[in-house]
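Worksheet: one structure, shown below.
The values are calculated or read from the model by the stated rules, or taken from the named source; none is laboratory data. Source: prediction; values computed, not measured. When we count neighbours, we look across all protein chains shown, and the Cβ atoms used for this are built from the backbone with ideal geometry, even at glycine. Protein only, heavy atoms only, side chains kept; ligands, DNA and RNA dropped before computing areas. Shrake-Rupley method; radii C 1.70, N 1.55, O 1.52, S 1.80 Å.
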Amino acid sequence: MSFGEKVKESIVTRAAEGLAVSITVILIWAMTKISPIVLPAIESGLSKPLLLSLLLASLALNIVLVVLFWIINKKPDFKLKYGIYWDSNKNPHCPNCKIPIAGYGNYEIGGKGYYCKPCKKIFPLQDAAGNDIEPSKAVEEL
Ligand SMILES: [Zn+2]
């Protein structure tokens, strides 16, 4: 990523944060103005058991949404071994883009390693000293 792109991304992120804060402040201000008018009307118009059941339903719905959000956003647990990411099922993943890779071999250009098609690169399976490690040995040690 070039310097210009980084600056642009940073400005966009800051603008989004600023907008979110502004909207939150406006919402809180609106709530403080509206609630004294609306709350007595709700209190006289609705029975307490109905309000309580609405509150409990809202709470249950929020808990369900939080759990769903957590499940959707759960990131796979990667372990870095010999320069390659491994998932919990011992499948290799690209150390750059983290997608699954399986093409281990001795390539004419780039040498031995895993080939990642989107990155167009070969990632060697080597220990810290630069010695080639066989995939079976790496999987065994996971
Ligand atoms: Zn990749």
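So, counting K/R as plus one and D/E as minus one, what does the shell of residues with Cβ under 13 Å around Ile133 add up to? Taking every Cβ under 13 Å from that of Ile133, the sum is -2. Over segment 79-141, Cα pairs under 8 Å with separation of 6+ residues give a relative contact order of 25 percent. Computed from label points 7 Å out along Cα-Cβ, the spacing between Ile34 and Val139 is 5.8 nm. Expressed as a fraction of 2.2 N^0.38 Å, the value expected for a compact globular protein of N residues, the C-alpha radius of gyration of segment 54-115 is 1.86. Its Cα centre serving as origin, segment 3-73 has a Cβ charge dipole (Lys and Arg +1, Asp and Glu -1) of approximately 80 debye. For the pair Val67 and Ser88, a Förster radius of 25 Å applied to the C-beta separation gives a FRET efficiency near 0.75, rounded to the nearest 0.05. Over the residues of the chain, the helix contribution to mean residue ellipticity at 222 nm works out to -19000 deg cm²/dmol, using -39500 (n - 2.57) for each DSSP H run of at least 4.
For the chain, the relative contact order works out to 11 percent when only alpha carbon pairs closer than 8 Å and six or more residues apart are counted.
Here Ile109 sits with roughly 150 square angstrom of accessible surface, probe radius 1.4 Å. In the frame of its principal axes, segment 8-142 has Cα extents of 79, 39, 24 Å, reported largest first. Scoring 133-140, 119-126 by mean Cβ neighbours within 10 Å over their residues and listing the highest first yields 119-126, 133-140. With the convex hull constructed from alpha-carbon coordinates only, segment 3-73 shows a mean projected area of 7.3 nm² over all directions.
From a point 7 Å beyond the Cα of Lys121 in the direction of its Cβ, which residues of segment 63-97 have a backbone N at a distance under 15 Å? Once the point is set 7 Å along Cα→Cβ of Lys121, 83-85, 93-97 turn out to lie under 15 Å by backbone N, inside segment 63-97. Classified by the C-alpha gyration tensor, segment 79-141 has an oblate form. Its axis ratio a/c, with a ≥ b ≥ c, is 1.5 or above, and a/b does not exceed b/c. Were the residues from Leu51 through Lys75 laid out at 0.36 nm apart, the gain over their Cα-Cα distance would be 4.8 nm.
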